[in-house]
Every structure is written in C-alpha cells, then in structure tokens.
1. Just the residues that are within 13 Å of chain A (Cβ to nearest Cβ) and in contact (Cβ under 8 Å) with a residue 40 or more places away in the chain, please, taken from the stretch B:217-242.
2. Before we move on, is A:V208 touching a helix residue (DSSP H, G or I) at 6+ places or on another chain (Cβ under 7 Å), within 14 Å of chain B (Cβ to nearest Cβ) and touching a residue at least 60 places away in the same chain (Cβ under 8 Å)?
3. Looking only at residues in the stretch A:457-497 that are crowded, with 24+ Cβ neighbours inside 10 Å and among the hydrophobic types (A, V, I, L, M, F, W, C), which one is farthest from A:A338 (Cα to Cα)?
4. With within 14 Å of another protein chain (Cβ to nearest Cβ) and in a loop (DSSP other than H, G, I, E, B) as the only criterion, which of B:D212, B:D247 stands out?
5. Can you pull out the residues in the stretch A:380-393 that are crowded, with 23+ Cβ neighbours inside 10 Å and more than 8 Å from chain B (Cβ to nearest Cβ)?
6. Could you please let me know if B:G57 is under 24 Å from A:F244 (Cα atoms), crowded, with 16+ Cβ neighbours inside 10 Å, free of Cβ contacts under 8 Å to residues at least 24 places away in the same chain and more than 14 Å from chain A (Cβ to nearest Cβ)?
7. I'm trying to understand the selection: among the residues of the stretch A:135-159, which are surrounded by fewer than 22 Cβ atoms within 10 Å (Cβ to Cβ) and under 18 Å from A:G94 (Cβ atoms)?
8. Tally time: how many residues in the stretch B:115-130 are under 20 Å from the mean Cα position of the chain (by Cα) and either outside any loop (DSSP other than H, G, I, E, B) or modelled with pLDDT of 95 or more (or both)?
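The values are calculated or read from the model by the stated rules, or taken from the named source; none is laboratory data. Here the structure is a predicted model, which is why all the values come from computation and not from measurement. Methodologically, a virtual Cβ is constructed for each residue, glycine included, from the backbone with ideal geometry; neighbour enumeration extends over all protein chains shown.
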Amino acid sequence: MKTRNFLLSVVLGAAALPAFGQLTQAQIQKPLPESWPTYHGDYFGRHYSPLTQINQSNVKHLSLAWVARMSASTLGAITGGEGPEPKPGAAPGGLSVKSIPLMVNGVLYFSTPDHAWAVDARTGKEIWHYFWKTQGGLHIGNRGMGMYGNWLYFETPDDYIISLDAKTGRERWHKKIADVKAEYFSTMAPLVIGNHVIVGMGGDFLDVPGWLESRDPETGDIQWKWFSTPRPGEPGAETWPDAFSMEHGGGMPWQPPTYDPDLNLLYVPTGNANPVFIGDSRKGDNLYTSSIVALNPDTGKMKWYFQGSPHDTHDWDATEVPILFDGTIEGTPRKLLAQAHRNGMFFLLDRETGKNLLSTQFSDVANWSKGFKPNGQPIPDPMKEPQRAGALVSPGSNGATNWPAPSFNPETGLFYMHSSRNYAMFYRTDTPGEAIAAYGGSSEHRVDGFGGSLQAIDYKTGKTKWIHDYPNGAGGSGGLLGTAGQLLFAGDGAQNLVAHDPATGKILWHAGLTAGISNAPETYMLDGHQYLLVGAGDSLYAFYLQ
Amino acid sequence: MPLLSKPYSLIVAAFLFGSAVAPLSAQKGTYDPAAVPRGKEAFGPACGFCHGLSARGGDGGPDLARSLFVMGDDHGKQLGEILKTGRNGMPAFPDLTPSQVSDMASFLHERVEAARARESATPPNIIVGDAKDGLAYFNGAGKCSGCHSATGDLKGIASRFEPVALQDRFLSPRAGGGRGGRGGGPNRAAKTVKVTPPNGPAVTGTLMSVSDFAVTLRESDGNRRTFTREGDVPKVEITDPLQAHYDLLRRITDKDIHNLTAYLVTLK
C-alpha cells in the first residue's frame, strides 16, 4: 500500500502548489470539469463527461470558437532526439492528430509522431513546439501524452519516452524503451498513476516480445516490466508449444490501459500474437495475447486475465478500450469492465475477479466463431484461419471495431462504438517447412464490405439497442464522446462532426470540417463556457455556445 | 483510414503514410546477395553447432536472425571484432579470413531480412474446388447467371485474369477498379441515385457522394447537383448494380467460392 501513502502525500502537497500546468494525482483521479487530464479524460475510459451546458436543447447553436492548424515545420521548434537532422526543405508531410489533447489550466498538450505542442485553449495559438529527430520506426500515429505535476510524457516512433517541462517545452530527459532495429515502434499515450508512468510499445514486423513497463516520473528509471507472453514454467506457458514461440509471441500493448483506483488494478489491453496470420508454430491459446490483463501498478503482477481472441490468426488486437463502470447484473451490484473487441465480440467482465458475465457477437456478419465456451471465450473455427485457396473472413484485420475510443453513458446504460461490416480473403502463401515470422507466409486481400455504423449496445444484454448505418460506405471516423447533456458526438466519415441523441441515435447537429475526425472529441469548461474540442487531420477545432 | 491501427504491409504503410520513415529493414545495401551462399558455407562448420545451420538458434547459441548485435553490424565490421575475441562464452575464431567474415556477415544480414518476412504478394495455385459444382452454383444458388454468361460478358475471362484475381473480383468487384468511369465512357458499375424533393420532380443520376447531410449526383448531361438532406427529406433511393455481389458475401461458403473459381478458370 505504499502507493496510497504516496498518493496522499501528492494530494496534500499539491494543494499548496500554484499553477502553470501543475496536475496532481487527485486531479487525475477525479478530473475537474475544467480539465481533461488523461488520454481517456478519466481513468475509466468512459469518454463520458458530466457537463450539461451544451445539451439537446441548445446543441443547434454550437459555434466555432477557433481552429488551429498545426505545421510539422521544425522552424522555431525546440529540438531533441538522437537521429539525423531532417533534410532541409523536406516536405513536412500530412499531420494527423490522433492524440486526444490534455487540457490543464487553460493549456492543451498533444502530440503526433516526433512532435509535441502546447496550445492556448482560449485562442488556439501555439505556446511551444517540440520536435524529436527520429532514428526511424513506423510513424503511424501517436495517441498523446501523460502528465504529472509540471511534467509531460510522450513516446516516439523510434521507441523513446520523453519528459518535457510543460511550461517551456524543454526536454527534461529521454529514455530508450525498446530498440527500433527490432522493428518496435511506440504510439501509446503514457498513463500516470501516482509515482508510476505506464509505458507500452507496438510492432508486428518482427516476431519480438511485447511488454508493458512502469517508469519513475522523476527519473524515468524502470520500476517493473510485465511481458505479455509467459516464459517457460510460468503460468500461461502451457498455451504455447515451446520457449521459442513464447519469446517471439508478440502481444504488444500499444494503447493506454484503464485503471480502477479503489481496486488498484490496471486493465491492460494486449495486441495480437506473432507470427501474425500463420499460427502453426504457436499452437495453443497463446496467453496473454489479444487479452485484457489486470495488473497491480505497484508491482506489475497479474491478478487475472481474459483472452477475447484465443490463438488469433487475423491480427485482431484486443487493444480496444476496456471501459470501467459499475452496474447491476441479475440484481447484484457489480464492478464491471466492458470491451467491444476488434474480432466482433462484446465482453462484460467482473473487474475485481475477471469473471466473464456476458459474451455476445455485436457484429452481425462475423463468421469465424463457433460460439462461446462456458468461460465466455469465443471458439475459433480453424477453417477460417488463412487457407491456400483463401478463406472469406469477417471481420478482416481492420476489425469489426478498432482502437478509436468507444463511449459509455451511465444514464442510458448503453455502450457506443464505431463498428464496421467488412470482410477479407486470407491466403496461405508459405512453402511447406518454411520458418515463418511476423506477416510472413500469408496474404490478406481486402474485400468490399457494407461500410460502417454507429452502434449502441445494452451492456446488460449485449444486444444492439440501435445502429446508425453511415450512408457513405466508408464508415465513421475517430472515437466518440458522450455527455450528460444527453449528447453523443461522433465523426461520420464524410468529414462531419455530428451530435446524436444517445437514446435513439437521432441526429441533432453537425458541422462540416476539412478532414475526417482523427482523434476522439473531448469537452471541458473554460471561463464559464463548455468547449467541445476535436482533431481532424492537421487541425484542432474548438466549439462552444456563444 | 483512421480505423487502420497497423499496416499489414509495407506497401500500405508507404501509401497511407507517405511522409513516414520506413522500417529499417526496408533500407537497402545491408548485405551482398552474391556472398550469402559463401557465407552460409563458412558459417555452418564454425558457428552452426551453437547457432544452428540456419542461424536461427541452436544448442546454447542465440537466434542470430533476431540479434540486435547482428542488426547493428555494418558489413562485418563489428562481427569481425567479436569473432577475433569472442564474447559472453562464445569462443574466438581468429583464423577466419576477412573475406570469410564479410561473407558470413552477408549471410547473417540475409537471415535477418528473412525473419522480417512481410506478407507475400501472390498466393500460389488456389484451384482446389470442383468446376462442375461451381457451374451448378453459378446457375443456381449463386444467381450469377442472372447477370452474367459464360458465352457473353465472361467469355475468355480466365485468359484475362489470374485465378486469384478472378476470385477476388467476384467477391470484391468494386475494389477491382471497375471499367469506364472518368473519361472512359459510362461506368456500368457506378451506383445511381434518385432524389425526390417534397415539391418538384425527381432527379436521377450517377451517385458522386452521399452522407446524412448531402447527396451529390451527376445527371446524364454531365450536370452536377447537390441536395442537402435532413432526415428523410428529400427522399434518396440508391441503386447499386453490384448489389448481388454484396448480398453474396453474407451467404457464400468457402467451398462455394473455391468451386466457383474452379469453374471460372475454365472460361479461357
């Protein structure tokens, strides 16, 4: 219980501290309406705000406060990093803000691969810009930053964690997480819990091990590491054929976990197993890949796990947000965890014990499972693994849903997500006896599908309450935000930000942007106004009622 | 493609993230392909006992295809130093010549690349089905003969497309990049739309785009028109000439797919 004492001292100590930046553990744990202190906005991953100034009666009057268009030009940026100088005149390239900005004391903090910014939340004007000279790695996206006190934390594609001074954007330290030469790349928004900064990495291009680690917020030193696959003799090792397959089994935790401060448990969603599509060399369920794992953040020790995609062979990461909320199941109050998995299944767990309470298939076209085991795990159909002549599988590797944030509304009791009815042909292309790693030995051919939808699931039954099919065929874009103003905000895939009635899906308001929503909307109070903030491509848009 | 969390191939990555820095393995010139067989020969007797003949790990020696040391080696420079002195229990091999070391480095770098295998582009022969059953499906449950005929539009189709392309095409006809369209005459696969405003005549044309808030079409004379939408007003009816292919996805089995392909490849 060291952490509790530490938290207490942080809380007491913080009360006297004045302002720029300054974020205390208490403020992360119970976010003020005037803040958005973590990637998810809270520890629970609900993407739900109690704010009501913007509500169903006035949402039609929402108007633009400002737009901030970010530039990747490094002119005037504070520069760090161990990579080469960028080539002069090199095209900055298209930025995509996938990070959900932190909002603390009137300042927004957010990041894209190799870049971090502080922006004035009242005007959208840049306060500072930090640029990291990269050594490589896949620049696919950056989910954002973590904050503690006056310090910011973010990860880079070449696998460093960097701590910046929130006031100045100056670098405080940087630490190597993994080696980019082994094809790791890092996208996760670090999560701060007391005296821990929780860090994860990604990468499927080589069959390397995945892990989550905790670092000291002051020094950046490692406190513990949790590997997402066991080693011989450890629990879970029986789900792998040998030591080699475990040590090369992947399971990258590349999205921020959620956290229950009362239970002191961290809920870590893990990525798919490796080799990605051909599982011959890793026969078994392959724990703890494509799972939700409950860890003690002080020690990194696992309390329980639930594996949503046993022996995955379709790149179905379980990195969709494990949302935490309390509810009543069959007359018993329960601490719950709900996840809509990329593989098309909805899972409801007791988050104290990990016991499965409900499993349903939310995708009406998923075709790879033969039902559920008594423990709630789907039963994969081996004929839907990649085949020489091709297997038609729904969903394809993009999933029936994916990492963009879902939302839970405690008033409607509905779990909202962007879903997609898609298919792919999975082919085996290996020659017999060939040693396979990563994506080798296989080929996925995308097949046209039925487009995407905004879908609402009743958490008690796992059944779809309503579904709004986007007519454009491509599906929704970005994550979701619910509010107590009885609003559900979503991006429609046609570059519109849309407000829906969370009870029915009815459209109440929309605004056309210049790009599809690339992060998830967030909301906070500032100077008596409730703001709605969203990232779309290279720009942030702030709305409020005038 | 905001839903895409991880690219499934380098090509996709390069396409979607044009400015992205490619993974290191995409960088060229890490080894001389011609030296790989010579390197393998030198490696076997000297190192294979511990690291395995394929360098993927053996009795006590680590898997060199995933070794950060090998990945960081520059054309045998660092490797040569270790071979001279040994390290971590590995004995020294002072008798290896510089050219043997350089060949071995090429072999090991080739091993690293092989371990980083990407998706293969072309599946091998995929014809496993029964052409007779495929024909029955074509005329029966598949309802293909409602629009297509072996002596008409599909005549000779198997000489125009590889079997895999043929199979992908009936499952995903639009992804195949339909004929016609821009500057190429009428696109038979284009969706059409009929928009009926509350007061006024219906307008019909080729669907350009549609969302919950607007629908844009092109009339037969080339005129482009956009209507704003609010709920069910105006009435919007979309017709997709390829709808039958999409309907197929929900009910076709893998066996049906393989049989249908086995039949289609006979249409030379």
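1. B:V236, B:E237, B:I238, B:D240, B:L242
2. Details: touching a helix residue (DSSP H, G or I) at 6+ places or on another chain (Cβ under 7 Å): yes; within 14 Å of chain B (Cβ to nearest Cβ): yes; touching a residue at least 60 places away in the same chain (Cβ under 8 Å): yes.
In short, yes.
3. The residue in question is A:L497.
4. Values: B:D247 fails: in a loop (DSSP other than H, G, I, E, B).
Just one listed residue meets the conditions, B:D212.
5. Matches in the stretch A:380-393: A:P386, A:V393.
6. Details: under 24 Å from A:F244 (Cα atoms): yes; crowded, with 16+ Cβ neighbours inside 10 Å: yes; free of Cβ contacts under 8 Å to residues at least 24 places away in the same chain: yes; more than 14 Å from chain A (Cβ to nearest Cβ): no.
When the stated conditions are applied, B:G57 does not pass them.
7. Listed by number, the list holds a single entry, A:I140.
8. Initial filter on the stretch B:115-130 (under 20 Å from the mean Cα position of the chain (by Cα)): B:115-127.
Right, trim to either outside any loop (DSSP other than H, G, I, E, B) or modelled with pLDDT of 95 or more (or both) and you get B:115.
Residues flagged as under 20 Å from the mean Cα position of the chain (by Cα) and either outside any loop (DSSP other than H, G, I, E, B) or modelled with pLDDT of 95 or more (or both) within the stretch B:115-130 amount to 1.
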